[in-house]
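Written out below as structure tokens is the structure these notes cover.
The values are calculated or read from the model by the stated rules, or taken from the named source; none is laboratory data. Being a predicted model, the structure only gives us computed values, none of them experimental. We place every Cβ from the backbone using ideal geometry, glycine too, and count neighbours over all the protein chains shown. Surface areas here come from the heavy atoms of the whole protein model, side chains and all, with no ligands, DNA or RNA. Shrake-Rupley method; radii C 1.70, N 1.55, O 1.52, S 1.80 Å.
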Amino acid sequence: MASPHAPVLLDEVLEALEPRAGDVIIDATFGAGGYTRAILAAGATVIALDRDPTVQPHADAVAADYSDRFRLVRTPFSGLAEAFEGTGEAKLDGVVFDIGVSSMQLDQAERGFSFMRDGPLDMRMSANSDHGGETAADIVNTWDHGPMAHIFKLYGDERQSGRVATAILRRRAEQPFSRTLDLAQVVEKALGGRRGAAIHPATRVFQALRIAVNDELGELRAGLEAAEATLAPGGRLAVVTFHSLEDRIVKAFLTERTGNAPGGSRHAPVTVETRKPSFTLKFKGAVEAGEAELAANPRARSARLRAAVRTDAAPWGRIAA
């Protein structure tokens, strides 16, 4: 069996990034350092980013082995450009994103990500109370029915989002939510249990709360914009996603930036795109995990890798939400 923290699609990511001696590559989701160590082993320098302070022991272990070619910057994706500028490096040759919650975070009950382990209903990737920001408990205890049902549907694809929101409002009127298993049980009861289902009944609701708490989709868009603005011509971009909403954002970004966006309606005025493509695709479509990796690491079943190479064209800038 693979390690619970094994990086997904590692061989495919390395093939897309093509790390070599002299390259500078950003690992925008350091986590336990799986991608970083493989990139360093290939001879490149790594600037690792992570907003989660609990990754520091893993960073210290990497720094002990590669002190001259590794540094960690505590920042979300939206700080990528500033993080790179702060290093003083001349050019950026690659960026890799591994989107979503890590198995390491799920294993920490006190973080509140897991509906299988009891803990405070938190879910902030930037850590706990001393870092501020809205928690999952804040959302389920204060949001109105409509906005709450909306995120359950949009971010979690929960078909019974209204029913779940109603159950949460009814229960919180009696007692506010503070623990993960408490919320999971209320969601499970609202959905009729769904015993025997392929996934736990609370999966979609917990996923939606995590995405909302951490503004994951906004951070992804900001990270892609920053990578486009910062990568040198010939620089490689590799993005691993685990959720259809994330993959849709990456696919749309690369489709547009490679000049392959479909034209408008034949009934609408013709608009001519004058900007030159800022990327070329490394391969068409998305790469998925093979049978061997799926057998060793079930987390890889929903993983999708897309990759592209930066051209010398000017960056296009903001991504439409």
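Is there any pair linking a residue in segment 67-87 that is closer than 21 Å to Gly22 by Cβ to one that is of a type in the set (Gly, Ala, Ser) and surrounded by fewer than 18 Cβ atoms within 10 Å (Cβ to Cβ), with Cβ under 7 Å and at least six apart or on different chains, and which? What qualifies is Phe70/Ala63.
On the stretch given as segment 233-263, residues that are assigned to a strand (DSSP E or B), open to solvent by 60 Å² or more (accessible area, probe 1.4 Å) and small (Gly, Ala, Ser) total 0. The set of residues in segment 31-49 that are under 22 Å from Met125 (Cβ atoms), among the small types (Gly, Ala, Ser) and open to solvent by 10 Å² or more (accessible area, probe 1.4 Å) comprises Gly31, Ala32, Gly34. Taking the criterion of being at pLDDT 95 or above and open to solvent by less than 50 Å² (accessible area, probe 1.4 Å), the only residue of segment 173-182 that qualifies is Phe177. Contact annotation: residue pairs with Cβ atoms under 7 Å, 6 or more positions apart or on different chains, pairing a residue in segment 11-26 that is in a strand (DSSP E or B) with a partner that is aromatic (Phe, Trp, Tyr), are Ile26/Phe84. All conditions in (1) at positive phi; (2) modelled with pLDDT under 95 hold for Glu18, with the sole exception of (2). Tallying residues that are surrounded by fewer than 17 Cβ atoms within 10 Å (Cβ to Cβ) and either closer than 18 Å to Glu18 by Cα or charged (D, E, K, R) (or both) within segment 287-321 yields 5.
Please identify the pairs in which a residue from segment 206-218 that is under 20 Å from Ala165 (Cα atoms) and polar (S, T, N, Q) has its Cβ atom under 9 Å from the Cβ atom of a residue that is part of a helix (DSSP H, G or I) and open to solvent by 10 Å² or more (accessible area, probe 1.4 Å), counting only partners at least 6 apart or on another chain. Listed by first residue and then by second, the contacts come to Gln207/Tyr155. Selection of helices (runs of 4 or more DSSP H) fully inside segment 133-232 by the criterion of at least 2 residues being under 24 Å from the mean Cα position of the chain (by Cα) returns 136-142, 145-156, 180-190, 203-213, 216-230. The number of residues in segment 31-78 that are of a type in the set (A, V, I, L, M), within 25 Å of Arg210 (Cα to Cα) and assigned to a loop (DSSP other than H, G, I, E, B) comes to 1. Here is a check on your reading of the model: is Ala81 out of contact with any strand residue (DSSP E or B) (no Cβ under 9 Å at 6 or more places or on another chain), farther than 26 Å from Arg318 by Cα and in a helix (DSSP H, G or I)? It is false that Ala81 is out of contact with any strand residue (DSSP E or B) (no Cβ under 9 Å at 6 or more places or on another chain), farther than 26 Å from Arg318 by Cα and in a helix (DSSP H, G or I). Candidates Gly156, Gly192, Gly162, Gly146: the one that is of a type in the set (Gly, Ala, Ser) and surrounded by 21 or more Cβ atoms within 10 Å (Cβ to Cβ) is Gly156.
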